[in-house]
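Structure, as structure tokens:
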């Protein structure tokens, strides 16, 4: 699944347009590499979103097969990494 669709499907971003904007401004990294929206997400990847004053990291546990998942199921797809 493409990174822009993945961020939206697992509820890291509220809308795909927000994910695309973040990718365009190079604040989304997979395994410490800046990526474009067509980058494919794989199991075990570490996704980092770098905000101005902090960053959030997520480990990919599962790739969703549907366009969107309930927010309550987010933990099945990604694990938030502290640090």
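Values quoted throughout were computed directly from the atomic coordinates according to the rules given, and no laboratory measurement underlies them. Remember, predicted model here, so these are calculated numbers, not experimental data. All Cβ positions, even for glycine, are placed from backbone atoms using ideal geometry, and neighbour counts span all protein chains on display.
Points to keep in mind about this one:
- Taking a ≥ b ≥ c as the square roots of the eigenvalues of the alpha-carbon gyration tensor, the chain is classed rounded because a/c is under 1.5.
- Model label sites at residue 82 and residue 53, defined 7 Å from Cα along the beta-carbon direction, differ in position by 2.0 nm.
- Only helices enter this figure: runs of n ≥ 4 DSSP H residues, each worth -39500 (n - 2.57), summed and divided by the residues of the chain, yield -6000 deg cm²/dmol at 222 nm to the nearest 500.
- Chain lengthening between residue 73 and residue 43 when straightened (0.36 nm per residue, less Cα-Cα): 9.1 nm
- Working from Cα pairs under 8 Å separated by at least six residues, relative contact order for segment 1-44 is 46 percent.
- Peptides ranked, highest mean first, by Cβ atoms within 10 Å: ranges 4-14, 21-31, 49-59: 4-14, 21-31, 49-59
- At 1.306 mPa s and 10 °C, Stokes D of segment 5-50 from Kirkwood alpha-carbon radius, µm² per second: 151
- Segment 3-81 - percent relative contact order, Cα under 8 Å, separation 6 or more: 30
- If a spin label sat at a point 7 angstrom from the Cα of residue 26 along the line to its beta carbon, the backbone N atoms of segment 44-71 nearer than 14 Å would be those of 50.
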